[in-house]
Amino acid sequence: MAVRLETFESKEHEKLIRELMDGRFANTAFCILAPDGKERLTRTGRSPSQILGRDPETRGRGNSSDEKIIAHMQGIAEDYRPEDADGAPVLQDFHSFRQALNVAAGDQRLLLYVVTEPQHAGALQDRIGGIFNYDNLAGVFHVDQSQGKSDTVWENDISGSTGSPGYYLVEADEFGQEGKVVAAFPLSTEPDALQQGLTEANAAYAARVDRKVYSEHVEEGRKKDVFFENEVPYGEDRDGDGKIDQRRGRG
């Protein structure tokens, strides 16, 4: 499990991070949990490279690489292979559309937003979950569902929607506060046809979108006074006193 500050929409997220980090609170945290969601399989730290990418004898200094991180994760995964290897992965479902849009912008992924009637909400997993096992779709999109959340006015934040039930492929704007529909499919679309449509849309998106440079993106957001309001206050509590640390003034 890896979490980032922009996904903290409730006090429950803050509580979880504090539990993982022995009372401290930071804007990023990383830990791998067992399938029960409780047992910790690694130490908790600020990033995968901090926990998995360094050899123990270096005591956390240097010697970090993506290869080491991937190898470590694969080793853990070998101990938890699912009995039903062909089963569909559980679909994502964010706490709100605004959160899903914001995270999609940060990761520069298209968001598949599914608007359903109440009687169809429970069938979505069985209907389309399997297509996200495909190599060209796994880990490529973010997915969110409208059912059961206060997203009745989600279409006000994006352009090109009809507001009616369907699969909407949404491209977030630069800072994840607005977006536009780049493709839409009726709920009756067969999974294979939906997979094809998603693949084509993502190829077009990847061809015309440049990857963000983090430092430049943050600086641009500050210049434009962009702010994403969360219930959890911004900042860190490194001393674990339960309060966000005050920023030190610049000398």
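The values are calculated or read from the model by the stated rules, or taken from the named source; none is laboratory data. Fair warning: this is a prediction, and the values are worked out from it, not measured in the lab. Ideal geometry is used to build each Cβ from the backbone, glycine not excepted, and the neighbour counts take in all protein chains shown. Only protein heavy atoms, including side chains, enter the accessible area calculation; ligands, DNA and RNA are left aside. Shrake-Rupley method; radii C 1.70, N 1.55, O 1.52, S 1.80 Å.
Points to keep in mind about this one:
- Filtering the stretch 51-76 to residues that are modelled with pLDDT under 85, assigned to a helix (DSSP H, G or I) and under 22 Å from the mean Cα position of the chain (by Cα) leaves only ASP66.
- Taken across the stretch 212-223, residues that are of a type in the set (A, V, I, L, M), within 20 Å of the chain's Cα centre (by Cα) and farther than 23 Å from THR28 by Cβ do not occur at all.
- Cβ pairs under 7 Å, 6+ apart, first in the stretch 18-39 and in contact (Cβ under 8 Å) with a residue 40 or more places away in the chain and under 19 Å from GLU78 (Cα atoms), second outside any strand (DSSP E or B) and polar (S, T, N, Q): ILE32/THR42
- If you go through the stretch 10-42 and keep only what is in a loop (DSSP other than H, G, I, E, B), modelled with pLDDT of 80 or more and under 17 Å from ARG238 (Cβ atoms), you end up with MET21, ASP22, GLY23, ARG24, ALA26.
- Top-ranked residue of the stretch 197-234 - restricted to ones that are aliphatic (A, V, I, L, M) and more than 30 Å from LEU187 (Cα to Cα), ranked as modelled with the highest pLDDT: VAL213
- Enumeration of residues in the stretch 224-238 that are within 20 Å of the chain's Cα centre (by Cα), open to solvent by 60 Å² or more (accessible area, probe 1.4 Å) and closer than 18 Å to LEU101 by Cβ: PHE227, GLU229, GLU231
- Test for VAL140: is it at pLDDT 90 or above and in a loop (DSSP other than H, G, I, E, B): yes
- Verdict on TYR167 being assigned to a helix (DSSP H, G or I), among the hydroxyl-bearing types (Ser, Thr, Tyr) and touching a strand residue (DSSP E or B) at 6+ places or on another chain (Cβ under 7 Å): no
- Filter result for the condition that a residue is among the hydroxyl-bearing types (Ser, Thr, Tyr) and assigned to a helix (DSSP H, G or I), over THR189, THR199: THR199
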